[in-house]
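Written out below as structure tokens is the structure these notes cover.
No lab work stands behind these numbers, since they all come straight from the coordinates. All of these numbers come straight from a predicted model, not from anything done at the bench. Ideal geometry is used to build each Cβ from the backbone, glycine not excepted, and the neighbour counts take in all protein chains shown.
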Amino acid sequence: MDSIKQDWFSNVRNDLLAGLVVALALIPEAIAFSIIAGVDPKIGLYASFCIAVVIAFAGGRPGMISAATAAMAVVMVTLVKEHGLQYLLAATVLTGVLQIIAGWVRLGVLMRFVSKSVVTGFVNALAILIFMAQLPELTNVTWHVYAMTAAGLGIIYGLPYLTKAVPSPLIAIVVLTIFSMLVGLDIRTVGDMGELPDSLPVFLIPDVPFNFETLQIILPYSLTLMMVGLLESMMTATIVDDLTDTKSNKNRECVGQGVANIASGFIGGMAGCAMIGQSVINIKSGGRGRLSTLSAGIFLLIMVVFLGDWVSQIPMAALVAVMIMVSIGTFSWGSLRSLKDHPKSSSVVMVATVLVTVLTHDLAMGVLTGVLLSGVFFAAKVGTILTVESVSEDEGRTRNYVVLGQVFFASADQFVDAFDYKEVIERVRIDVSRSHFWDITAVTALDKVVLKFRREGTEVEVLGLNEASATMVDKFAVHDKSDGRDMLVGH
Amino acid sequence: MRTDNKILACVDQSPYANVVTDYAAWAARKLDAPLELLHVIDRDSEVTESEDHSGALGLDTQEQLLTELTQKDQIRRKVVRDQGRIFLNVLRERALATGLSEVDVRQRMGTLLEAVQVQKDSVRLYVLGRRGASGDRTQRDIGRHVESLVRVLKQPILTVSNEFVEPRRVLIAFDGTQMTRRGVAMIASSQIFRGLPIHVLMAGQKAAGTTSAADRQMEWARQRLAQAGFDVHTHRAQGDPEIEIAKAIQDLEIDMLAMGAYSHSPWRSLVFGSRTTDLLRSATIATLLLR
């Protein structure tokens, strides 16, 4: 009971006000993201309403805003182009199912393998994709469009210097719409982009054949949507956690995103996830509780359904200005400054994530590249932290080797090369008490060292294996088994 | 200063803090135990305020916002911390004035539940107000923390209400169950009521007639307490325990009640209501909850 009160009703006035600001900012975004995905504006608007309302109840991070997003929209373009809207709705439902499974198996913990550089790369790539998606609206157009976009940006960034009481993107849209209607400008409007909602959404089942072929078509998209959706949601949750200095329930958020997407698919909406920009706007406007997310969704639907005629008159140039603001706000400009200060490997991971995403238009591919590269760099870094020291004893008859550091696939060769097998010696002691053997490759390397010494007629003793390493060695090593020499051939 | 086996008084900035301190100081004297006053700053209760509804995202908005919010929090937190320290020191003086030689104070961020759980191994008795800082506004009979706190803690908890009355007569609500038998044993072996007359009341269905089981249980309680040197009086009452206990408190001029608490699951309490909550609501005197 306490947590319900805390999550919902501890900050009512500010939550409602912030919800209103967010709803106003959501309208252009939902329309623009629908256009990016290649569907009618109403698909994004229904999705944004539905996802915001459902996640308000089911999500694990109060105060975070989820709706139709650019990150998800760029994934669906090809599916919509090749198979149509109904397949997108089916893929949306399947995405939800996969996200619920991800939440149940606690996939949220996998976020710890996504380094800060990958996250920054993801955010920057997302900002660039949002910006690039605006370019078709800015190419082969008259100067009026450029002037309108510039005026829009002027109002968005200028108005807050005069007053912060009203959302400046909304004022920009209203002013530009009125101006364009009064002057009768012949430029593209939202109405030209497709159908707007004129009624409340209704329940419908995606009209696709329920067979294996359909699954084959939608599954790859759903998997990517699941990954991108969860990644952006987890990242946004971390950002909101930091801003509000409170904790979120990441696994509940995964399940919540899934439930929201299933609901969205069944009312004819596209898949969505948490939104970095909108969540920042919400927190900035004073929103902290679940009520802010719920009210954002409800205000959005009310405004769109009842002000549909006006919404269709909004010039696309005004939306472009808002989206440029979103991309500027999403991009981490600080990351450019820190390129020169951060370790080279971190910068390479960040830039690679951005490059792969922008080139493939696939955020999942970019993140995967970043995660793999981080892994490789980490292995390389840790692999170099291995030293083998030695000292001779017993008038040159014995040599003591002391191994310090981590022995695993990346450092195994270095480990093997660190011993002098040709030294004429009777006995070798290898002290591994200050090292750790992590994998089969490490155990094989130890085998190799022991057997190489034995071939020279040298007695070998391995000392101080820690418990975990000893278990590995017991299980997989051959040097301590009688037929070791024959088995080594198999390695 | 000793820090184990202490009396932990949970205080918030409400009029009940004085009463909690007085009872905690009384228990500390009786038990010759160290006393600590705990004040928890529940940061979740802070409501945000924002003048910026511009909805505009500029360069590095997120970083700027984080810096701005951190600065605001820092200022607010410092004020709250200072207020809390002054408040605790006033209470500390109050406790020292009752004759205690040492009283420790502790202020913690977070929730009360977390704060008491962190210390649970070094505490022998908790003292808390039945209502908290929001009591006057919400008109609640029982503060929202009380039940969750009592369910989590395994040590005895002394819940107090509006004023401090030095206990002179004690009533044990006894129903023969394992929990109340443990409570009787606990009281028999404790110093807290040493020298005070103890009344044991069995009320409700069990007390009806002259069932041999009820007789045996009552006799067991009487003997257990008498052996420990208490002046014991036993009473049986047929009827609703809540009403009978309230009546006995009035008739016998009782000023402290001891009883078992929340032996049923929270789900059962949700459906059928909780007897402990009902009793706490009806009893206006300090109540020792035994777990």
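Here the extension length gained between B:GLN117 and B:VAL152 equals 11.8 nm, from 0.36 nm per residue of separation less the Cα-Cα distance.
With the simple model of a label 7 Å out from the Cα in the direction of the Cβ, A:ARG13 to A:ALA380 spans 5.7 nm.
In order along segment A:167-179, the Karplus-derived 3J(HN,Hα) couplings, from 6.51 cos²θ - 1.76 cosθ + 1.60 at θ = phi - 60°, round to x, 5, x, 5, 4, 4, 5, 5, 4, 5, 5, 4, 4 Hz, and Gly and Pro are given as x.
In a DSSP loop and with at most 15 other Cβ atoms within 10 Å, the chymotrypsin sites (Phe, Trp or Tyr not before Pro) in segment A:204-264 are A:PHE210.
Report, for chain A, the % of DSSP beta bridges that are antiparallel, rounded to 5. Roughly 45 percent of the DSSP beta bridges within chain A come out antiparallel. Taking θ as phi - 60° and the Karplus parameters 6.51, -1.76 and 1.60, the scalar couplings of segment A:189-200 work out to 10, 4, x, 6, 8, x, 7, 9, x, 10, 8, 6 Hz in sequence order, x denoting glycine and proline. Working note: Cα atoms of segment A:208-358, range along each principal axis, descending, whole Å: 50, 43, 36.
Rg/Rh, computed from the Cα trace of segment A:364-409 with Rh as the Kirkwood radius, has the value 1.37.
Short to long, the 20 Å bins of the Cα pair-distance histogram for chain A hold 22, 42, 21, 13, 2, 0 percent of all pairs. Listed by chain and number, the aspartates and glutamates whose C-alpha is less than 20 Å from the C-alpha of A:LYS475, apart from same-chain residues fewer than 8 away, are A:ASP431, A:ASP439, A:ASP447, A:GLU461, A:GLU467, A:ASP483, A:ASP486. Remark: spin-label model distance A:VAL175-B:ARG77 equals 4.0 nm, labels positioned 7 Å along the Cα→Cβ axis.
Once R0 is set to 41 Å, what does the formula 1/(1 + (r/R0)^6) return for the Cβ-Cβ distance between A:TRP310 and B:GLU63, expressed as a FRET efficiency to the nearest 0.05?
Working: r = 36 Å, r/R0 = 0.87.
So the FRET efficiency works out to roughly 0.70.
The HN-Hα couplings worked out from phi for segment A:317-330 by the Karplus form 6.51 cos²θ - 1.76 cosθ + 1.60 (θ = phi - 60°) are 4, 5, 5, 4, 4, 5, 5, 5, 4, 4, 5, 5, x, 7 Hz, whole numbers, x standing for Gly and Pro. Potential lengthening of the chain between B:GLN191 and B:HIS233 amounts to 13.3 nm, from the contour at 0.36 nm per residue minus the alpha-carbon distance. The order of B:VAL116, B:VAL80, A:VAL22, going from fewest to most other C-beta atoms within 10 Å of their C-beta, is B:VAL80, B:VAL116, A:VAL22.
Approximating the spin labels as points 7 Å out from Cα along Cα→Cβ, the B:LEU96-to-A:LEU359 distance works out to 7.2 nm.
Can you pull out the trypsin sites (Lys or Arg not before Pro) in segment B:1-93 that DSSP calls coil and that have at most 11 other Cβ atoms within 10 Å?
B:ARG2
For a Förster distance of 60 Å, can you work out the FRET efficiency between the beta-carbons of A:LEU223 and A:TYR161, rounded to the nearest 0.05? Show your work: numbers first, answer last.
Numbers: r = 46 Å, r/R0 = 0.76.
Efficiency for this residue pair is about 0.85.
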